[in-house]
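Read through the structure below, which is laid out as C-alpha cells, and then see the notes.
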Amino acid sequence: MIKVNNVSMRFNLGIEKNFSLKQFFINLFKSKKNKPKKEEFWALKDVSFEVKKGEVIGFIGSNGAGKSTMLKVIAGVMKPTTGSVEVYGNICPMIELGAGFDPDLTARENIYLNGAVLGYSKEFLESKFEEIVEFSELREFLDVPVRNFSSGMTARLAFSIATVVDPEILIVDEILSVGDLAFQQKSEEKMKSLIGGGTTVLFVSHSLDQIQKICNRVIWLEHGHIKKIGPSKEMCQEYYEEQVK
C-alpha cells in the first residue's frame, strides 16, 4: 500500500533572516569569512518502511523527531530531498485542518471550497452537505465568516468535510484533540469506523493512550531516524519509560 524507500528531507535554516534590504546591505560590508553560513537541518534521514493495506500505523517521538514531516512527504505535500515514496490508493490527508479555508467566506461557502480542494465534486458535496453539517454541530454558524470561528470550531468543520468519504489511506496528524471532549470522542468513533471499513491509517499523536487504542504497529522516530518499529503496546510502553527516566 505504501513503500517509503530511504527517504531523507533537508531544510535550509536562516534563509529568511537574510531576506531583508537592511540585512542585504549589512552582508555587503561583511567579509566572506564573517558572513553567516546556511545551516542545514535534516528532518528525516534514510527512513524506510512499508505499510500494508488495512494497517493502522502510529508514529511516536519527541518534538522535532520528523513525524509530521514524514506524513507530509507521504501525502505529497513535500518532495523528499532524496529517496522515494510509493503510494497505492487515494489519500485523505488531515494534517493541517482548515489550512485550505478562506477566512472571509462563511462556513457554508468553505464546505464547498475545502471540499473542492480535497477533490470532491459540487454534486457530491450537495448530497453530503447535511451529513457534514450534522457531524460538525455548527448548523447555527453556517453563515458566519470562518474568521470569527475559534480554532476548535474550524478544526471541527474541516474534520467533518475530510471524513465525509471513506478514503483508502487516511493520514492524521494530532487532530483527534480538536474541539471539546464530546467531539473528541465522536471523532475517535469516526476514525474507528473508517478503520473497521478497511482504511489504511497513518496516525501521529502525543497521546500514547490514543496510539495504543487505535494502532496495530508503531514507528518510533528520533532525530529524523527510525529508532524502532514494533507492536503498539510494546513500543508505547518502552517510549514512556524512556521519557520518564
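Would you call residue 167 closer than 18 Å to residue 199 by Cα and either in contact with a Phe, Trp or Tyr (Cβ under 9 Å, 6 or more places away or on another chain) or outside any helix (DSSP H, G or I) (or both)? Judged against the criteria, residue 167 is a match.
Of the conditions (1) hydroxyl-bearing (Ser, Thr, Tyr); (2) over 23 Å from residue 8 (Cα atoms); (3) in contact with a strand residue (DSSP E or B) (Cβ under 8 Å, 6 or more places away or on another chain), residue 88 satisfies every one except a single condition; which number is it? With respect to (1) hydroxyl-bearing (Ser, Thr, Tyr); (2) over 23 Å from residue 8 (Cα atoms); (3) in contact with a strand residue (DSSP E or B) (Cβ under 8 Å, 6 or more places away or on another chain), residue 88 is out only on (2). Residues in region 73-125 that are more than 22 Å from residue 170 (Cβ to Cβ) and assigned to a loop (DSSP other than H, G, I, E, B): 81, 102, 103, 104, 105.
If we keep just the residues of region 135-168 that are surrounded by 14 or more Cβ atoms within 10 Å (Cβ to Cβ) and among the polar types (S, T, N, Q), which is farthest from the chain's Cα centre (by Cα)? Selected residue: 136. Only one of the numbered conditions (1) surrounded by 12 or more Cβ atoms within 10 Å (Cβ to Cβ); (2) farther than 29 Å from residue 228 by Cα; (3) at pLDDT 80 or above; (4) not hydrophobic (A, V, I, L, M, F, W, C) is violated by residue 104, and that is (1). Restricting to region 186-221, give me the number of residues that are among the charged types (D, E, K, R), in contact (Cβ under 8 Å) with a residue 24 or more places away in the chain and under 22 Å from residue 75 (Cβ atoms). Residues meeting the conditions: 3. Could you please find all residues in region 100-118 being free of Cβ contacts under 8 Å to residues at least 12 places away in the same chain and either more than 20 Å from residue 137 (Cα to Cα) or among the aromatic types (Phe, Trp, Tyr) (or both)? Passing the criteria: only 116.
As a summary of the residue check, residue 218 satisfies the conditions (1) at pLDDT below 90; (2) on the phi < 0 side of the Ramachandran plot; (3) buried (at least 20 other Cβ atoms within 10 Å of the Cβ) except for the one numbered (1).
For residue 58, the stated conditions hold: it is part of a strand (DSSP E or B) and touching a Phe, Trp or Tyr at 6+ places or on another chain (Cβ under 6 Å).
The values are calculated or read from the model by the stated rules, or taken from the named source; none is laboratory data. Bear in mind the structure is a predicted one, so any value in this text is a computation, not a measurement. Methodologically, a virtual Cβ is constructed for each residue, glycine included, from the backbone with ideal geometry; neighbour enumeration extends over all protein chains shown.
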